[in-house]
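Have a look at the structure below before the remarks.
What follows is calculated from the coordinates using simple rules that are stated; it is not laboratory data. Computed from a predicted model, the values in this text were never measured in an experiment.
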Amino acid sequence: MREKANRPPRYPVHIALSYRPVGESEWREGKTNNFSRTGVLFWTHELVKPDTQVEMTFQLPPLLEGEPAARVVCEGRVKRVTGSSALANQLSYVVAITKYKIVRGQSPPKRKARSSRKEAGAEMD
């Protein structure tokens, strides 16, 4: 119980997330369930094994009207994978974040085509 008390707060935010195993070129899509400064819980249809290093990027909504949104670019390790009966054919992933950066004041990457999603994580290449 003590371990949970010292855990950073989790924020229940449901937003699109792009991720890929480190070394792969194709971005995959998921949706966050919650995140903290040390980890992300997200859902997807794709299988990624525990202990896999992944790159992730997601757009945070602007805090104030007229302010630019912030984009988070991070790397982490898949700690746990579980299934869900609530969301058919989806898996949940707990990823421990090992490094991250927040990019502010830039336009979010366009997600029209697959090549646009690749641009979203160019900083981590």
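Summary table below
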quantity	calculated
Linear extension gain, VAL103 paired with GLU46, 0.36 nm per residue minus alpha-carbon span	17.8 nm
Extension gain (nm, one decimal) between SER36 and GLN53, 0.36 nm per residue minus Cα-Cα	4.3 nm
Theoretical gain in end-to-end length, LEU63 to ARG7 [0.36 nm per residue, Cα-Cα removed]	17.7 nm
